[in-house]
Amino acid sequence: MNWVLIALLGVPLTGAAVLLMPFRMGAAAAGRLLRAHGLAVSGVTFGLSLVPVAGFGYGDTAGMRFSTDLAWVPGLDIRFHLGVDGISLPLVVLTTLLTFLCFVYLCWGRADGPGQLLCPEPGGGRPRALVFTLLILETGMIGTFLALDLLLFFLFFEVVLIPMYFVIAVWGGRARRAAAIKFILYTLLGSVVLLLGLLFIWAQTGTLDMVTLARSHGAGMAGPVQIAAFVAVGVGLAVKTPMWPLHTWLPAAHTEAPTVGSVLLAGVLLKMGTYGFARIAIPILPEGAAAVAPWLGTFAVIGIVYGSLACLAQRDLKRMIAYSSIGHMGFVLLGFATLTPVGVNAALFGNIAHGLITALLFFVVGAIKERYGTSGIPALGGGMLSRLPHLGSLLTFACVASLGLPGLAGFWGEMLALLGAFDPAPGLPRPLYLTFMAVGGLGTVLTAAYFLVMLSRVTHGRHTETVYAPVLTMAGEGGGEDRTTVVARSRSEHMRERMRDVAGYELAAWVPLIGLILLFGLWPKALLSLTGPVVQTFVGAP
């Protein structure tokens, strides 16, 4: 048994369990202590996630490392099997990093941030519940990327749904309850289909071990069986990705979630769906993947164009970024649909790039909403670069990274996905994939269009005076309806009182993301050297 992966799961789980112990303390002191506890636990977890990085030799990442394989339910041959390789390691580090940065943002943000007076903590504060929920969420996310048993994977895959539901429903915006219910219903229905697919694989092969199944490359399962299993597993994963047309839960969830909820939802939870394609669907069901790949590519490019066009019509920053995720994840799915090393590496690279860039976008937009009291594009009034030059510059950087500017991380995933579509795997219809490449290229143009249009309205131009009307929501007593108070004032008055540029705690949370976006944009080999050897094992040489 290897202690590293056990500790990666045990530290946040133990940190959450400690919060169940009763203690008496003043509200202000308790809030500071609880956030410091979350920061310390997430920091230790992040440090532990770097231990496997040191144990990996570049160019030799195909095998599982730090494996733990224990009997869990011997009668059903269900094992507590954990491991990490070049596909899962970047996602584990991304998960622990974003969770840690969320606690950095929370730990100091409420102490001196611009949102202290005018944007009080949602859900009436409840810092103990918030820290507990985020640590349980981190445990489930890490476990999903470490699990090597199909049912263990499904268990961790489901664990994240409940804490994310509460993050949205308790600490979200005014329409948080409807958004949370929509999120949980969609994802649970998708999980039912996923479970059926996993049980079907178990029934046909007699094993739940992902490593054994991947090595067998579908042996023991006929072509039609693999197709049926791939469709079931793929639909379940596509809901979480999300893939068009199973995406409709995402905009509401992102719009209503608090900043840290949006960061983790976009940065990690969406990656759990695409990770399932790389870990389960494609290597275990190769014939099913080959049969369904053209359909997967079709839905992917529809999502790229649909997401871009929807962004052009949005009038709210958070909602626009949510729709942009549909387009970006479309490129990830297109990379998988090519079934080539280039395309699958593009998908895995795009996963990490999207997690970093979209997390930064949601952090910045959350800061904008705290200062302006709104994320509505017309209400912001333009001229942010003159009013808040540093915040406006960071928003510009994040948007330029997301539209795929060469030299930044967002470029490589999309470019390599289109390159993979140019030369798909043998047996796939190349004329159709050339069409996918052309439509995907159009999507990149539309992506640049909606980001540049938004920046022209928000960061450039002359500042216009609008009414500042933050909504302060307090939970009603006894489970009753919320009582909402609207405080309206001119924006100039608000600016005199609370408007200021980027704070130190915000830079502490954002600079690591900026650095990694630049690192992977300028040195893509740092990530491709991890994923490449693993990809070669299940899609072969180009």
remark   = The ³J(HN,Hα) series, computed from each phi in segment 251-267 with the Karplus coefficients 6.51, -1.76 and 1.60 at θ = phi - 60°, rounded to the nearest Hz and given as x for glycine or proline, is x, 5, 4, 5, 5, 8, 5, x, 4, 5, x, 5, 4, 6, 5, 6, x
message = List the residues, sorted by chain then number, that are 5 or more residues from V84 or on another chain and whose placed amide H is less than 5 Å from its amide H.
response = R65
remark   = What the Cα atoms of segment 132-222 span along the principal axes, largest first and in whole Å, is 52, 23, 14
task = Enumerate the calculated ³J(HN,Hα) couplings along segment 269-285 in order (Karplus 6.51 cos²θ - 1.76 cosθ + 1.60, θ = phi - 60°), each rounded to whole Hz, writing x wherever the residue is Gly or Pro.
result = 4, 5, 6, 5, x, 5, 4, x, 5, 6, 8, 10, 4, 6, x, 8, 10
ask   = Which length gain, in nm to one decimal place, applies between V4 and L405 when the Cα-Cα distance is subtracted from 0.36 nm times their residue separation?
value = 140.6 nm
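Quick one: of K182/K369; K271/K318; K182/K271; K240/K318; K182/K240, which pairs are farther than 21 Å apart, Cα to Cα?
K182/K369
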request  = Report the label-to-label distance for R174 and T212 in nanometres (one decimal), using points 7 Å from each Cα along the Cα→Cβ vector.
outcome  = 5.6 nm
Accessible-area order (highest first, 1.4 angstrom probe) of the listed residues W171, W108 = W108, W171
message = So, R0 is 56 Å and r is the distance between the beta-carbons of V73 and L452; what FRET efficiency does that work out to, to 0.05?
response = 0.55
query = Around I78, which amide H atoms from residues at least 5 apart in sequence, or from another chain, sit under 5 Å from its own amide H, with H modelled in the peptide plane?
reply = W72, V73
ask   = For segment 348-414, what does the equivalent ellipsoid look like in terms of its semi-axes, each the square root of 5 times an eigenvalue of the Cα gyration tensor, given largest first in whole Å?
value = 25, 12, 9
request  = Would you mind giving the three semi-axes, in whole Å and largest first, of the ellipsoid equivalent to segment 259-383 according to its Cα gyration tensor?
outcome  = 32, 15, 9
message = Can you list residues from other chains, or at least 5 along the same chain, whose modelled amide H is less than 5 Å from the amide H of D149?
response = H81, M210
message = Could you check the spin-label model distance between A313 and A508? Points 7 Å from the Cα along Cα→Cβ, value in nm.
response = 4.3 nm
ask   = Which FRET efficiency, nearest 0.05, do E158 and K525 yield, Cβ-Cβ r, R0 25 Å?
value = 0.10
ask   = How far apart, in nm, are two points set 7 Å out from the Cα along the Cα-to-Cβ line at L20 and at A40?
value = 2.0 nm
query = Cα convex hull of the chain: mean projected area in nm², to one decimal?
reply = 23.5 nm²
remark   = Given Cβ charges of +1 for Lys and Arg and -1 for Asp and Glu, the option among I326, L356, P389 whose Cα lies farthest towards the positive end of the dipole of segment 287-441 is P389
request  = Please report, in debye to the nearest 20, how large the charge dipole of the chain is about its Cα centre when each Lys and Arg carries +1 at its beta carbon and each Asp and Glu carries -1 there.
outcome  = 1240 debye
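For every helix of n ≥ 4 consecutive DSSP H residues, a contribution of -39,500 (n - 2.57) applies; sum these over the chain, divide by its total residues, and give [θ] at 222 nm rounded to the nearest 500 deg cm²/dmol.
-23000 deg cm²/dmol
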key: Length-normalised contact order for the chain - Cα pairs under 8 Å, 6+ apart - percent   = 16 percent
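The values are calculated or read from the model by the stated rules, or taken from the named source; none is laboratory data. Here the structure is a predicted model, which is why all the values come from computation and not from measurement. Don't worry about glycine lacking a Cβ; one is built from the backbone with ideal geometry, like all the others, and counts go over all protein chains shown. Side chains included, ligands, DNA and RNA excluded: accessible areas come from the protein's heavy atoms. Shrake-Rupley method; radii C 1.70, N 1.55, O 1.52, S 1.80 Å.
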